[in-house]
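This structure is in structure tokens; I'll ask about it shortly.
The values are calculated or read from the model by the stated rules, or taken from the named source; none is laboratory data. No experiment lies behind these values; they were computed from the predicted model shown. Virtual Cβ from ideal backbone geometry, glycine too; neighbours counted across all protein chains shown.
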Amino acid sequence: MAEHVKHVLGDQTIHGCFSKVGVGRLKGFLSTTTIFIFFFFLLAIAALLNWMDIPIIQGIPLGQARSSEIHHESVEFPFNCSNLVNYPSVFEPKESSTNGTCPDYFRWIHQDLKQWKSTGITEDMIERGKPSADFRLVIVNGTAYVERYRMSYQTRDVFTIWGILQLLRFYPGKVPDLDLLFFCGDDTAIKKRNYKGRYAALAPPVFHYCGEKAALDIVFPDWTFWGWGEVNIKPWEETLRAIKKGNERIKWEKREPYAYWKGNPLVSRDRRLSFMKCNLSAKHDWNVRLYKQDWGQEIQGGFKHSKLEDQCTHSMTLMIQPKYYDFFSRSMVPMQHFWPIRRKNRCKHLKFAVEWGNNHPHMAEAIGKAGSKFIEEALTMRNVYDYMFHLLNEYSKILKFKPTIPPNAQKLCSETTEQGLWKEFMVQSMLKSPSDKPPCALPPPFEPQAIQASLDAKENKTTQTKTWETEYWKN
């Protein structure tokens, strides 16, 4: 979520797949994660720092959407492994409680697992996938075990595992036995080109924070939903509250008429240094204001100048054409949730986008509000946990072997995971009681023609902006 913002805020351009354009996963937006956050994404998300290869130029004011918090009134879990007898082991929601259908982006779960639906997932596939993974996670009888293969960057693996532990607390006894591999790097791990024809059945299933057209990675929410301690990004619920509050500081009509981005130009150096050429100069004003973020100075100064709530106070999100996608971003629509920016000649595209927004303030505001609404309503932490649950549940259905605890695996619980410098972030994101209602209902998979129709509709929207821009530069 946090390179994701779940990417619209923060270091929004990163190379790789983080976005939370969202926040958290921000790796591809100008906002990954792109505000969208990771992107978008105004999306608030994008507010995060991004790691996706998608620069996103930040955006959009958050609307007055409903709260994304998860409220609990039932018994709280103990915070240690030695007192497991007190943990609820069976999920018992209120009988009268019901939950509706999940957001549309949950349909992509079926598509991400399609590669293995006909063959199933064998133990041999798991073994072959180990060289591509940072850790192996096994859940047996509601208890998680992890076998680590290599260190991931910063604490990506730690907070990913922490998030899965919270899922087990949210739906105790409901997450099925499973055995999976997880990769925490930037680029995708399992390339389609290596598994064509007779080799298709050999593709190992590997979970990851983002996907792309040329890869088979199974897309999972990124670690930043539970916090990104190294850059002082708080857990998603707290981050979203702060962004919404910060967004209220400047009324829409009072906002500066420029595209805004702040990040580290030395990350994904070729793309970002090229992008920095769009900044104000003696020769050009592309209607873009770009600011360098020195994380070393920010760490020393207590992160006083990198708060997402101080940056996500502008307008609609401008998303530079992404290579990667987050688990939720495939259901975002250009000209509905964000303005699409092509990579080539991006300075000219950015200038036109800003001019269009300034000349069509009501339409720009509508895009901004729609992006904000998407993030606030579709990307709540309850939906994040429900997405995790359904993805893991569907994945478990295609396992062709009974998961067992690896000899070198470590048993996990909150007590063994929350420790060290990042304990504060973990305590803030820890669920203290189970959900009082069942997960939302997983919608059926897309029909093949529906996926193509969606792609065509998005392309048509993008083509419309190209037509408008061509006319603009002719005049």
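If I go through region 112-171 residue by residue, how many of them are assigned to a strand (DSSP E or B) and not aromatic (Phe, Trp, Tyr)?
The total comes to 11.
What residue, of Glu424, Glu365, is assigned to a helix (DSSP H, G or I) and assigned by TED's automatic domain parsing to the domain that holds Ile218?
Residue meeting the stated conditions: Glu424.
Now, a different point. Taking His390, is it over 18 Å from Thr122 (Cα atoms), assigned by TED's automatic domain parsing to the domain that holds Cys102 and not hydrophobic (A, V, I, L, M, F, W, C)?
yes
Of the residues Phe401, Phe425, only one is in contact with a helix residue (DSSP H, G or I) (Cβ under 6 Å, 6 or more places away or on another chain) and exposed (fewer than 15 other Cβ atoms within 10 Å of the Cβ); which?
None of the others qualify; the one that does is Phe401.
Among the residues in region 262-284, are any assigned by TED's automatic domain parsing to the domain that holds Gln300, farther than 30 Å from Asn359 by Cβ and among the acidic types (Asp, Glu)?
So far as region 262-284 goes, yes, one or more of its residues are assigned by TED's automatic domain parsing to the domain that holds Gln300, farther than 30 Å from Asn359 by Cβ and among the acidic types (Asp, Glu).
Being buried (at least 21 other Cβ atoms within 10 Å of the Cβ) and within 17 Å of the chain's Cα centre (by Cα) is the filter; apply it to region 168-188 and report the residue that is modelled with the lowest pLDDT.
Here the residue is Asp186.
Scanning region 97-128 for residues that are touching a Leu at 6+ places or on another chain (Cβ under 6 Å) and farther than 20 Å from Pro438 by Cα, which turns out surrounded by the fewest Cβ atoms within 10 Å (Cβ to Cβ)?
Gln115
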